[in-house]
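The values are calculated or read from the model by the stated rules, or taken from the named source; none is laboratory data. Please read all numbers here as calculations on a predicted model, not as lab measurements. Note that we place each Cβ from the backbone using ideal geometry, even for glycine, and neighbour counts take in every protein chain shown.
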Amino acid sequence: MTAYILNLLVLISIYAILSTTLNFIIGYAGIFSLAHAVFFGIGAYTSAFVAMNLTPSFFVAIPIAMAVAALTSLALALPALRVRGEYFVAASLGLQMLAVTLFSEWKGFTGGIGGVIGIPPVELFGFAVVKPWQFLVLTLACLGIVIVVIRRLVHTSFGRSLKSIRDSESAALASGKNITIIKTLSVVLSSALTALAGGLYAFYMAFINVESFMLATSVLVMAMVIIGGTGTILGPIVGATLLMLLPGALSYLSFLPQTEIGSIQQIIYGAAMVLLMIYRPGGIVSPKAGGGTA
Amino acid sequence: MNMPHVAHNTATAQPVAGQETLLKVRNLQMDFGGLKAIQDVSMDLRSGIVTTLVGPNGAGKTTLFNMITGHLKPTSGEVDWMGDSLLGMPPWKIARKGIARTFQDLRLFTHMTVEENVLTVMEQEGWLWQSGGVSAKVARREKVASILERTGLKDKAGVRAVDLAYAERKFLSMARIMATDARLWLLDEPASGLDPNSYGLFLELLRSEVANGITVCIIEHNLDIVVNISDRIAFLDQGRLLADGAPDEILNNPELAAIYFGER
């Protein structure tokens, strides 16, 4: 039971990093991306590659993964953010589809459909992080760092610029803000931090394949952000926790057909999002004044 | 119908000694498909005075603002700011050159606080952070506090723009433009819908800023405001500049009055 709970907590923490980083661009910059799982995947595959071919050191593998994700996101963001919001959604969806093909076919880097197996445990200062509770501490520490970084960012002039663009692009432009550069930077930062979650995931699972980085993951993370509450620090964490607990909670309801839990889960996600959009569009945790930090 | 000459006849203006021309618009044209929204408009905006754009709805006043500020690319013509062409320049660069604007529908940063709305306008220098360190940061905060005091929004500093009353939103729009270091303000119906008290404060603010050297071009339908603040008036109708001159000359022209009130 303890192992199950620890496993769940690690996964919740990793998904909380994903939802927090996606919320950074959705909630504060108004950029809706359907390619979040791509940068999660890039982080995971790059960390695994570095760990297996160079060193499993956290301080080498993770920064390299973050840099690769940042550069890849730059390639997406620079052209796509020059156009209106809905085009970015379409471009990100295109990138997601492209990435899944690449993840499935680039056997030398991703192991193809079979994925990468035997990823060594991550090392911190020469100490291998093997036990689940140790990994939980590492993941929680990383989540804490991501929260602090994003919380700091949204309270700087950069954060205010992002929020101004979210609220009115034309007024932000008229205020002298180069919205293309500012939005691009936000996507690059978000993608780099997402790669951190990818690296943690690869080291924790010791095995990764394309199944974890498909459109369904991008949609799941977006659901976490929207259900939890966009434009808040706490909302995405609440959303990640609820949606990660949902499958387990449903399996305890003995009257539900256990073979159909997956479908029931999808129905609940969909219904929850529709109801929230109608009755509480800000999500479970609504923003405080200033696009805030609830 | 004996209209004052259109377009480039700036000779009818009432030049005030020592005042330079900040912005020149020459033969500006804006076509939306078959619709000619702006047709061969030429005019000057001179420093330190208030030029009012008047005309019936759909005359092209806001379109002209959008072309000057880079939100719309003119079909043809020239926009010149103190010797530099603004054509093809993105709106954020034009704003940084010293041309600020408000919007008829305000376009406030609705989910940001009043203080943040004003502060963010002043933060143009860097993408990730501002130069000048703590002292510059303190100076910016002090400037925001002073602007909020002058616009009557001091007590609303922590309130989100979306939660403000109508007149307060109007003043926030003014506060935002006051926070810029722009020399030229383009104000799109800033006083529409204001109650008499707010209207008085608005006039006082505007006069004080003009006295401090701000050049203003204002779109306004309220003839009381037009009479009270204008140094020059430009009259637009159906995309054409029908007249550009001193307030008396324009306001006493029965032909223009007939057009304005839809009598022809």
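Inside the range A:161-188, residues that are surrounded by 24 or more Cβ atoms within 10 Å (Cβ to Cβ) and among the charged types (D, E, K, R) make up a count of 4. Identify, by number, the condition in (1) surrounded by fewer than 22 Cβ atoms within 10 Å (Cβ to Cβ); (2) over 16 Å from the mean Cα position of the chain (by Cα) that residue B:203 doesn't meet. Condition (2) is where residue B:203 drops out.
Could you grab me the full set of residues in the range B:56-99 that are out of contact with any helix residue (DSSP H, G or I) (no Cβ under 7 Å at 6 or more places or on another chain) and among the small types (Gly, Ala, Ser)? Across the range B:56-99, the qualifying residues are B:58, B:59, B:60, B:76, B:77, B:83, B:85, B:88, B:98.
Residue B:157 falls short on exactly one of the conditions (1) at the interface with chain A (Cβ under 9 Å from one of its Cβ atoms); (2) more than 30 Å from residue B:58 (Cα to Cα), and that condition is (1).
Yes or no, residue by residue, for (1) within 19 Å of the chain's Cα centre (by Cα); (2) within 14 Å of chain B (Cβ to nearest Cβ):
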{"residue": "A:127", "(1), (2)": "no, no"}
{"residue": "A:130", "(1), (2)": "no, no"}
{"residue": "A:146", "(1), (2)": "yes, no"}
{"residue": "A:153", "(1), (2)": "yes, yes"}
{"residue": "A:176", "(1), (2)": "no, yes"}
{"residue": "A:179", "(1), (2)": "no, yes"}
{"residue": "A:198", "(1), (2)": "yes, no"}
{"residue": "A:201", "(1), (2)": "yes, no"}
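If the condition is being within 14 Å of chain A (Cβ to nearest Cβ) and outside any helix (DSSP H, G or I), then the range B:63-80 contributes B:69, B:70, B:71, B:72, B:73.
Given the criteria of a type in the set (Gly, Ala, Ser), within 24 Å of residue A:7 (Cα to Cα), in contact with a helix residue (DSSP H, G or I) (Cβ under 8 Å, 6 or more places away or on another chain) and surrounded by 15 or more Cβ atoms within 10 Å (Cβ to Cβ), does residue A:91 qualify? Considered against the rule, which asks whether it is of a type in the set (Gly, Ala, Ser), within 24 Å of residue A:7 (Cα to Cα), in contact with a helix residue (DSSP H, G or I) (Cβ under 8 Å, 6 or more places away or on another chain) and surrounded by 15 or more Cβ atoms within 10 Å (Cβ to Cβ), residue A:91 comes out as no. Say whether the condition of being surrounded by 15 or more Cβ atoms within 10 Å (Cβ to Cβ) and among the aromatic types (Phe, Trp, Tyr) is met by at least one residue in the range A:210-225. Checked the range A:210-225: at least one residue is surrounded by 15 or more Cβ atoms within 10 Å (Cβ to Cβ) and among the aromatic types (Phe, Trp, Tyr). The helices (runs of 4 or more DSSP H) located wholly in the range A:108-211 that include 1 or more residues which are over 23 Å from residue A:98 (Cβ atoms) and acidic (Asp, Glu) occupy A:157-167, A:169-174.
Please tell me if residue B:98 is touching a strand residue (DSSP E or B) at 6+ places or on another chain (Cβ under 7 Å), on the phi > 0 side of the Ramachandran plot, surrounded by fewer than 21 Cβ atoms within 10 Å (Cβ to Cβ) and not hydrophobic (A, V, I, L, M, F, W, C).
Yes: the conditions hold for residue B:98.
Cβ-Cβ distances below 7 Å connect the following pairs, each with a first residue in the range B:168-185 that is within 12 Å of chain A (Cβ to nearest Cβ), a second residue that is among the aromatic types (Phe, Trp, Tyr), and a separation of six or more residues or different chains: B:177/B:185. Inside the range B:156-200, residues that are of a type in the set (S, T, N, Q) and under 14 Å from the mean Cα position of the chain (by Cα) make up a count of 3.
Checking the structure you have, find out if any residue of the range A:189-200 is in contact with a Ser or Thr (Cβ under 9 Å, 6 or more places away or on another chain) and at pLDDT below 95. No, the range A:189-200 contains no residue that is in contact with a Ser or Thr (Cβ under 9 Å, 6 or more places away or on another chain) and at pLDDT below 95.
Within the range B:96-114, the set of residues being within 7 Å of chain A (Cβ to nearest Cβ) and in a helix (DSSP H, G or I) comprises just one member, B:96. For the range A:226-238, the criterion of being touching a residue at least 12 places away in the same chain (Cβ under 8 Å) and within 30 Å of residue A:112 (Cα to Cα) is satisfied by no residue at all. Look at (1) more than 11 Å from residue A:187 (Cβ to Cβ); (2) assigned to a loop (DSSP other than H, G, I, E, B) and you find that residue A:33 fails only one, number (1).
Out of all the residues in the range A:264-282, is one or more within 14 Å of chain B (Cβ to nearest Cβ) and either in contact with a Leu (Cβ under 7 Å, 6 or more places away or on another chain) or in contact (Cβ under 8 Å) with a residue 24 or more places away in the chain (or both)? Within the range A:264-282, one or more residues are within 14 Å of chain B (Cβ to nearest Cβ) and either in contact with a Leu (Cβ under 7 Å, 6 or more places away or on another chain) or in contact (Cβ under 8 Å) with a residue 24 or more places away in the chain (or both). Put simply, of B:59, B:37 the only residue that is modelled with pLDDT under 95 and buried (at least 23 other Cβ atoms within 10 Å of the Cβ) is B:59.
Scan the range B:115-139 residue by residue and report those that are assigned to a helix (DSSP H, G or I), over 21 Å from the mean Cα position of the chain (by Cα) and either at the interface with chain A (Cβ under 8 Å from one of its Cβ atoms) or closer than 23 Å to residue A:170 by Cα (or both).
Residues satisfying the conditions are B:115, B:116.
Among residues of the range A:240-294 being of a type in the set (Phe, Trp, Tyr) and out of contact with any helix residue (DSSP H, G or I) (no Cβ under 6 Å at 6 or more places or on another chain), the one that is modelled with the highest pLDDT is A:279.
Of all residues assigned to the range A:239-261, none qualifies as being under 21 Å from the mean Cα position of the chain (by Cα), surrounded by 15 or more Cβ atoms within 10 Å (Cβ to Cβ) and not in a helix (DSSP H, G or I).
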